[in-house]
Amino acid sequence: MTKNAKLEAWVKQVRAMCQPDRVRWCDGSQAEYDEMIHLMLRSGTAQPLDPRKRPNSYLVRSDPGDVARVEDRTFICSEDEQAAGPTNNWRDPAEMKVALTKLFTGCMRGRTLYVIPFSMGPIGSPIAYTGVQLSDSPYVVASMRIMTRMGQPVLDALGDGDFVPCLHSVGMPLSPGKMDVAWPCNADDKYIVHFPETREIWSFGSGYGGNALLGKKCLALRIASVIARDEGWLAEHMLILKLTNPSGQVHYICGAFPSACGKTNLAMMRPALPGWRVETIGDDIAWMRFGDDGRLYAMNPEAGFFGVAPGTNETSNPNAMATLRENVLFTNCALTPDGDVWWEDMTNELPERLTDWRGQPWTRDLKASAAHPNARFTASASQCPVMSPEWQNPHGVPISAILFGGRRATVVPLVQEARDWKHGTFLGSIIGSEKTAAAAGKVGDLRRDPMAMLPFCGYNMADYWSHWLRIGRHPGAQLPRIYLVNWFRKSAGGDFLWPGFGENVRVLKWIFERCEGTAKAVETPIGRLPAEGELEVTGLDVSRENLAELLHVDTEGWLADVVAMREYYEQFGDRMPPELRVELEALGQRLSVCR
Ligand code: OXD
Ligand code: MN
């Protein structure tokens, strides 16, 4: 319980508005988690997996209309529309509050209102933030216990301090005597709403992932990016890894990649080069602040993984597979006849028969996928065999390099180094990716996703770039080096040119040695590429031609990208930082000379 007056008053006010049958303060205990699971089993939301296959693990099936983040229903309600910028949906905050208040009135009838205190970052860390989520979903309670530090210890540390209020409802009240459905949600009205000035989050109608676990994308990225802008730090959609070379030297690296582009795989990589070690600090979000030594220190504010299941296997991510052996909540995976989960590419052989993510019989000859492409696992970080002990360090770890990447079949080489922070900010601003299933919409189209923050930046993207440039001018800053990487280049025939996964350590090795000052690079119009012979290729199964292609500067392709980026920048008008336009035009000129 709490003596926090703001929290008590807010819970009272929400109770009056949402009219739940009861209020339950979550303590974060195992018994409470078990009770949530029990509730989900009873309501048909979850089913147990065979404990001999996957102890203490459950499969949840969502409503087919509630399977991914809904970006078109996600709003940044700043006082001024320009403050949200052209890449965010904006509504007037007062009008939005009126609309939401209508929707939330009576929306929890027949349900329990759970009060979920959570900490993003180690409890009591000077750089952690406390949120309190009010939700009517047991799935959310159970998931938040895995994904965050949650419960009474958070209230104890909070005392009468401030917190971010996060209000959530599945938006489906139950009238007396009405049977609940297995996955309550609101098919017609979904709203994921952020009020950056008052630092509030209201989410209505969805029970899935980033729409509903409000600590992750809503607080730790959209609201935190605004706080970070105001306070001079960075809240980023980045993994954090610790890389150790065979002599025991260490560099910490952050990487921004759009959703479902392999951040979890990279963060847990089993390196293909002998003697190199990757340990995980985070797989999705990094909060970075300057230390007294002028370096940027990154902290993972989360406590678990909400990872994309399809594509995860013993080759792509053996450490994730080990993380998933027990105590896991799976959502929208397929079910095997012997009571385990399955998803596309989990095994070399397709199972003969399954129950698909909708609960329908599935056979091999059917063309449809058995798991939903955005099927997820929710597992505690502490179960990951390569979790670095420093992931709990309340001050974070000093970052030597930042990677920006995306899924680009063409143009972008395997790796290139930025000349300086400004050039690196420019490279981050131009990244794009072929669309994946993490958000609703058509898969495959190229979309610009600056710094992988397009769906997660809580304010005007141009102002965000200005903030990055300001970070670069921090007095006494010892800034990380910045790299653009691309594991997804394809040949004209459509095959991947680079094997990826554990082999990506070859690229990390070059970056590591650049940080040490021992690896050589060549200047090109697009940035610095590994000099001849500097990328470790011993034992690598890639032809000379493919390697050359991977490290080739595609002048015409880049020139086309310059034109596309000029257009992309246009939408930001005079909020666009002139430095990035200068970088773009200089790139165009350098490329034109090479034509
Ligand atoms: C995620 C996402 O769930 O980026 O991490 O969509
Ligand atoms: Mn993500």
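The values are calculated or read from the model by the stated rules, or taken from the named source; none is laboratory data. These figures come from a predicted structure and were not determined experimentally. Using ideal geometry, Cβ is built from the backbone for each residue, glycine included, and neighbour counts are taken over all protein chains shown. What goes into the accessible areas is simple: the full protein's heavy atoms, side chains included, and nothing from ligands, DNA or RNA. Shrake-Rupley method; radii C 1.70, N 1.55, O 1.52, S 1.80 Å.
For the pair Met1 and Ser543, label points projected 7 Å from Cα toward Cβ lie 7.4 nm apart. For the chain, the spread of Cα coordinates along the three principal axes comes to 74, 56, 42 Å, biggest extent given first.
Across the cross-link table entries Lys3/Lys242; Lys6/Lys422; Lys6/Lys97; Lys6/Lys217; Lys12/Lys263, which are compared at the Cα atoms, the separations over 31 Å belong to Lys3/Lys242; Lys6/Lys422; Lys12/Lys263.
Set the Cα radius of gyration of region 1-160 against 2.2 N^0.38 Å, with N its number of residues, and you get 1.18. Length gained on full extension, Ala368 to Asp21: 120.8 nm, using 0.36 nm per residue less the C-alpha separation. Extents of region 290-365, taken as max minus min of Cα coordinates on every principal axis and listed largest first, are 60, 23, 20 Å. Annotation: extensible slack from Asp338 through Gln47 equals 103.4 nm (criterion: 0.36 nm per residue apart, minus Cα-Cα distance).
For the chain, what are the DSSP H helices with axial Cα length of 15 Å or more and mean Kyte-Doolittle hydropathy of at least -0.5? Write down the numbers at each step before the final one.
Details: long enough: 5-18 (19 Å, 0.13); 30-43 (20 Å, -0.44); 93-104 (16 Å, 0.54); 461-472 (17 Å, -0.29); 505-516 (16 Å, 0.10); 555-570 (23 Å, -0.34); 578-594 (25 Å, 0.12).
The answer, listed by residue number, is 5-18, 30-43, 93-104, 461-472, 505-516, 555-570, 578-594.
In the context of the full set of protein chains, region 194-297 has a per residue accessible area of 24 Å² (1.4 Å probe).
Pairs of Cα atoms under 8 Å, at least six residues apart: use those to get the relative contact order of the chain, whole percent.
Working: 1341 pairs, mean separation 85.2, N = 595.
Normalised by residue count, the contact order of the chain is 14 percent.
Taken along its principal axes, the alpha carbon cloud of region 82-184 reaches lengths of 46, 40, 25 Å, longest axis first.
Helical runs assigned H by DSSP (4 residues or longer) give the chain a calculated mean residue ellipticity at 222 nm of -7500 deg cm²/dmol, each run adding -39500 (n - 2.57) before division by the residue total. Full extension of the segment from Leu350 to Glu8, taken as 0.36 nm per residue of separation minus the current Cα-Cα distance, would add 117.8 nm.
Under the definition of Cα pairs under 8 Å and six or more residues apart, what whole-number percent is the relative contact order of region 221-274?
Numbers: 48 pairs, mean separation 14.6, N = 54.
Rounded, it is 27 percent for region 221-274.
At a threshold of 8 angstrom on Cα-Cα distance, excluding pairs fewer than six apart, so keeping six or more, what relative contact order does region 404-513 reach in percent? Please list the in-between numbers first.
Values: 148 pairs, mean separation 41.1, N = 110.
For region 404-513, the relative contact order is 37 percent.
Of the solvent-accessible surface of the chain, computed with a 1.4 Å probe and all protein chains present, 50% belongs to carbon and sulfur. The calculated FRET efficiency for Gln30 paired with Thr315, based on their beta-carbon distance and R0 = 56 Å, is about 0.95. Inter-label distance, Lys490 to Asp72: 2.5 nm, where each label sits 7 Å from its Cα along the C-beta direction. In the full protein context, region 474-595 carries 50 Å² of accessible surface per residue, based on a 1.4 Å probe and ignoring ligands, DNA and RNA. This model, with +1 at the C-beta of Lys and Arg and -1 at the C-beta of Asp and Glu, gives region 82-168 a dipole about its Cα centre of some 320 debye.
Between the amide H of Met269 and any residue lying 5 or more places away or on another chain, no distance stays under 5 Å, with hydrogens modeled in the peptide plane.
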